[in-house]
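What follows is a short report on a single structure.
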Ligand code: NAP
Ligand code: MG
């Protein structure tokens with residue numbers, strides 16, 4: 001029944017043919033589109049080969065998926081399921097993803113090109129929120145101690161549209177799905193057109209009657225679709241109660257606008273960044289350089305918290321730059337399927353062209369490129385670690401999110417100047433500082449305008465610690481107990497057990 005089978009993926013998986021249905025996943029079934037004949041090609045960025053294509057869902061498909069999610073919310077999920085049962089199902093799902101980790105990892109690698117993801121983190125995220133599912137509690141509030149009291153309920157917010165990007169597809173999937181399910185929400189998921197595969201395979205785990213987690217139909221629905229079609233339709237849908245989004249600031253703005261113009265649905269946005277890493281003269285320079293390298297090279301710089309602006313204290317500038325550049329040279333970028341590669345290609349031709357247009361802009365603006373910055377011959381969207389020095393705050397490479405392994409370096413004299421430079425951005429997602437002076441660490445971490453500050457480390461996240469942005473890096477928080485607020489609506493119930501109302505007043 002119109003099911004698309006993608007065999008191409010398996011070419012990258014040792015020639016093994018494993019017929020996997022894709023299509024749209026609605027009501028626990030893979031179904032064809034109501035009206036779309038379009039498909040989306042999935043490309044391996046290491047080889048530039050098309051490895052398969054999936055159905056491109058339409059606006060009508062979003063309507064069908066939202067109706068399925070609404071029905072499930074009213075009948076089998078929402079307030080009709082205990083927290084204990086939600087926990088059991090989410091834990092089962094985590095077990096199944098863990099069991100199929102290798103297959104999911106290979107699928108992920110086939111379209112992201114990168115080894116820098118962690119199926120284990122996604123499993124841990126599901127288990128973390130399974131733990132919360134039966135602990136989402138309101139408060140009992142004394143009002144007058146004699147005749148009245150009040151209590152609150154943290155109700156599931158309802159049907160959630162979830163729109164995820166391509167940089168860590170399954171990880172972003174778990175960050176969205178896990179808290180929503182724990183709170184009792186139902187979901188319509190729109191994966192990125194570039195990396196839809198793991199979001200489509202994971203649902204298989206929901207329904208296989210012999211081995212699936214067996215969530216009720218309609219609780220999780222997945223509609224691969226183009227952003228301006230399916231993503232936009234979810235954002236402006238009048239029967240969607242909330243949209244959770246990770247991606248660019250430009251798209252985040254459109255989503256908020258669509259939400260404002262339709263039903264004022266709740267919106268949480270995890271957007272871009274231009275995060276600073278500050279190195280003070282007391283720092284352990286060798287360690288600091290390792291963290292700086294991780295900060296900008298992890299996932300080939302395709303990371304919302306990529307530490308793309310480096311500020312180094314004048315007295316150690318030359319020495320630290322030398323250490324950094326030598327560390328960057330040790331980072332081998334190659335095909336992610338090759339075990340000797342530390343980093344993979346960037347995800348698409350579009351990203352590749354975008355990154356090189358920034359590298360050209362940096363050179364033209366007079367920044368000095370001391371490492372990388374050149375195209376390789378041959379296939380694959382490879383960008384080598386690139387370092388610019390002599391940058392000034394007005395340059396495009398310093399202001400814009402590049403989303404590639406491109407670092408710009410500047411010096412500072414004083415702590416105040418470092419803070420000033422670090423905060424001179426419209427973004428506020430991450431920031432890092434290295435110093436062995438504890439008072440300085442405390443002062444600077446307090447002054448930095450960012451949702452996450454890393455002290456003597458960078459880019460490490462934990463499922464129980466909140467994550468999100470200040471300024472134009474986003475609204476709301478993911479992870480930790482904080483994410484539960486994004487998927488619940490607080491109801492206050494006022495209860496009178498004794499006061500009589502005299503009438504007329
Ligand atoms: P994007 O357009 O923001 O994509 C993120 C998600 O939003 C995708 O699922 C996308 O679908 C969807 N989308 C696109 N247009 C939409 C719309 N009008 N309404 C609702 N959803 C929509 O990002 P991108 O085009 O993939 O990348 C562009 C830049 O964004 C990157 O260069 C990078 O700077 C930044 N970025 C940031 C993050 C992050 O984690 N903060 C992640 C990814 C990208 P499609 O896949 O079909 O476009
Ligand atoms: Mg896009």
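Just a few scattered comments:
- Here region 328-351 is the region considered, the condition is being farther than 16 Å from residue 117 by Cα and in contact with a helix residue (DSSP H, G or I) (Cβ under 8 Å, 6 or more places away or on another chain), and the residue that is surrounded by the fewest Cβ atoms within 10 Å (Cβ to Cβ) is 331.
- Elements of type strands (runs of 3 or more DSSP E) in region 242-337, at least 1 residues being in contact with a strand residue (DSSP E or B) (Cβ under 7 Å, 6 or more places away or on another chain) and closer than 23 Å to residue 419 by Cβ: 276-279, 309-313
- Comparison of 352, 358 shows that the only residue that is within 13 Å of ligand 1 (Cβ to nearest atom) and either under 16 Å from residue 379 (Cβ atoms) or not in a helix (DSSP H, G or I) (or both) is 352.
- Some residue of region 133-147 being in contact (Cβ under 8 Å) with a residue 12 or more places away in the chain, more than 30 Å from residue 497 (Cα to Cα) and in the same structural domain as residue 191 (by TED's automatic domain parsing): yes
- Any hit, region 74-87, residues being over 23 Å from residue 302 (Cα atoms), surrounded by 22 or more Cβ atoms within 10 Å (Cβ to Cβ) and touching a strand residue (DSSP E or B) at 6+ places or on another chain (Cβ under 8 Å): yes
- Of all the criteria given as (1) under 18 Å from residue 123 (Cβ atoms); (2) within 11 Å of ligand 1 (Cβ to nearest atom); (3) out of contact with any helix residue (DSSP H, G or I) (no Cβ under 8 Å at 6 or more places or on another chain), the one not satisfied by residue 180 is (2).
- Among helices (runs of 4 or more DSSP H) entirely within region 187-240, having at least 3 residues that are assigned by TED's automatic domain parsing to the domain that holds residue 98 and surrounded by fewer than 24 Cβ atoms within 10 Å (Cβ to Cβ) singles out 204-207.
- None of 301, 295, 247, 307 is at positive phi, touching a residue at least 60 places away in the same chain (Cβ under 8 Å) and in the same structural domain as residue 382 (by TED's automatic domain parsing) except 301.
- Scanning region 243-258 for residues that are surrounded by fewer than 22 Cβ atoms within 10 Å (Cβ to Cβ) and either at pLDDT below 95 or more than 8 Å from ligand 1 (Cβ to nearest atom) (or both) yields 253, 256, 257.
- Filtering region 112-124 to residues that are under 17 Å from residue 196 (Cα atoms), out of contact with any helix residue (DSSP H, G or I) (no Cβ under 6 Å at 6 or more places or on another chain) and assigned to a helix (DSSP H, G or I) leaves only 112.
- All of (1) modelled with pLDDT of 95 or more; (2) surrounded by 17 or more Cβ atoms within 10 Å (Cβ to Cβ) hold for residue 140 with one exception: (2).
- Screening the candidates 46, 56, 65 for the property of being away from ligand 2 (no atom under 16 Å from the Cβ), within 24 Å of the chain's Cα centre (by Cα) and closer than 14 Å to residue 225 by Cα yields one hit, 65.
The values are calculated or read from the model by the stated rules, or taken from the named source; none is laboratory data. None of the values given here were measured: they were computed from a predicted structure. Quick reminder, even Gly has a Cβ in these numbers, built from the backbone with ideal geometry, and neighbours come from all protein chains shown.
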